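Read the structure below first, then the notes.
The values are calculated or read from the model by the stated rules, or taken from the named source; none is laboratory data. The structure displayed is predicted, hence computed values, not measured ones. Counting neighbours? That spans all protein chains shown, and the Cβs are built from the backbone with ideal geometry, glycine included. These area figures cover heavy atoms from the full protein model, side chains too; ligands, DNA and RNA do not enter into them. Shrake-Rupley method; radii C 1.70, N 1.55, O 1.52, S 1.80 Å.
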Amino acid sequence: MPPRTAVFFHAHPDDEALLTAGTMAMLAAEGHRVVLVVATAGERGLAEMEPGEALGETRLKELYKSAALLGCARVECLGYGDSGLSPKGGSAEERPDNAFIDADTEAAAKALAAILQEERADLLAIYDPAGGYGHPDHVQVHRVGKRAAKIAGTEIVLEATVNRDPLLWLLRVAGRFYKFPPEFDVRTFESAYSPGEAITHRVNVRRYTRQKRSSMAAHASQASGGDSDRTLAVMLKVPRPLYRFVFGTEWYVRRDLPPGARLTHPFDRWPT
C-alpha cells in the first residue's frame, strides 16, 4: 500500500490515547503520514492542578509527548475552549467565551477542512454521533468533522467508537469486584458508543499496545485529581498481558459502507 495521510480529530488531549492510539501507531509504522488535531487544550479537565490556562498548557505538552510516541508527523490545536464535562457543557455562564460547543459549526469545519486540504488527507477519524460516552465536545467533534470532510472532499471518514456489547458485559462483571471512580457511571454506557452490528472496522492493534500504553502514560495530569483514581489511572494499572488483550482492538464505523461490512484496516476497500 503506498503511503497515505490520515488525520485524527479529537476534542481534548488524552482522547487520542484512549480510542485511536493503536491505529495511529500502526499507520505510522506502516509509513503513512499521521496528523493529530485537537479542538481544545482541555483546560477544564479534572486534575490536581486548578482548571485554567496553566492546565491547558500542561495538557498540550502531554499531547505533543503522546503524539511523538505514536509517530505523528504533525499536531494542531484549533484553539477552542474546553466546554467542560457536565451535560451540554453546563450553563453558558460557566463556559469560556470560545467554548467548542458554542462554536459556529461551519466556521470550525472550515478550519479543520483547511488542514485536510493542506495535507491532502485520505482519511479523517472522528467520533460516532453519541460522542462516545456523550461528552458535549465529543458530539461537536462528530458534527464538525463530518462537515469538514464534506468541504475538503476527504474520501474516508471513520467514526472511532467502542463495541458496546462486550463492554457492557465486562463492566457489569467488573463492578461486582471493583468500585469504579465517581465519574465512571456504568449506566451511561447503555446508550454510549456503538452496537456491534454497526461496527465496520475491527482493527487489531495488539502489536502496538506498548505505544498505546505509553501514550496513556504521557497524559499524567489526567491520571490524578478528584477523590479517587481516575479512569486513565485505572487503565494503566491493568497488567501488561491483560492490557494487550483488553486494549488490542480498536473499532470504527464507516457510514458509506453497506450493512454487514467487516474490515480490518482503515484503508481497506469494501468489494463493489
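Worth a mention:
- Which numbered condition Leu242 misses (of (1) surrounded by 12 or more Cβ atoms within 10 Å (Cβ to Cβ); (2) hydrophobic (A, V, I, L, M, F, W, C); (3) at pLDDT 85 or above): (1)
- Filtered by the rule that a residue be open to solvent by 40 Å² or more (accessible area, probe 1.4 Å) and either basic (Lys, Arg) or closer than 22 Å to Thr161 by Cβ (or both), region 204-230 gives Asn204, Arg206, Arg207, Arg210.
- When residues in region 98-128 are screened for being within 17 Å of His12 (Cα to Cα) and assigned to a loop (DSSP other than H, G, I, E, B), 3 of them pass.
- Top-ranked residue of region 32-80 - restricted to ones that are under 16 Å from Met216 (Cβ atoms) and of a type in the set (D, E, K, R), ranked as surrounded by the most Cβ atoms within 10 Å (Cβ to Cβ): Arg59
- Top-ranked residue in region 185-203 [being in a helix (DSSP H, G or I) and at pLDDT 90 or above; ranked as surrounded by the most Cβ atoms within 10 Å (Cβ to Cβ)]: Ala198
- Any pair with Cβ under 6 angstrom, 6 or more apart, that starts in region 83-101 at a residue that is at pLDDT below 80 and ends at one that is crowded, with 21+ Cβ neighbours inside 10 Å and in a loop (DSSP other than H, G, I, E, B): Gly89/Ser83; Gly89/Arg95; Gly90/Gly84; Arg95/Ser83
- Residues in region 167-182 include none that are open to solvent by less than 30 Å² (accessible area, probe 1.4 Å), outside any helix (DSSP H, G or I) and under 28 Å from Thr5 (Cβ atoms).
- Check on Asp268, acidic (Asp, Glu), open to solvent by 50 Å² or more (accessible area, probe 1.4 Å) and either under 21 Å from the mean Cα position of the chain (by Cα) or within 23 Å of Ala28 (Cα to Cα) (or both): no
- Residue in region 138-150 that is surrounded by 15 or more Cβ atoms within 10 Å (Cβ to Cβ) and under 20 Å from Trp270 (Cβ atoms) present: yes
- Restricting region 129-165 to residues that are small (Gly, Ala, Ser) and assigned to a loop (DSSP other than H, G, I, E, B), the residue that is modelled with the lowest pLDDT is Ala130.
- Any hit, region 246-253, residues being within 22 Å of Asp128 (Cβ to Cβ) and in contact with a Gly (Cβ under 6 Å, 6 or more places away or on another chain): yes
- Tallying residues that are of a type in the set (A, V, I, L, M, F, W, C) and open to solvent by 20 Å² or more (accessible area, probe 1.4 Å) within region 1-18 yields 2.
- Considering Glu48, Glu57, the condition of being more than 21 Å from Pro129 (Cβ to Cβ), out of contact with any helix residue (DSSP H, G or I) (no Cβ under 8 Å at 6 or more places or on another chain) and either among the acidic types (Asp, Glu) or assigned to a helix (DSSP H, G or I) (or both) is satisfied by Glu57 alone.
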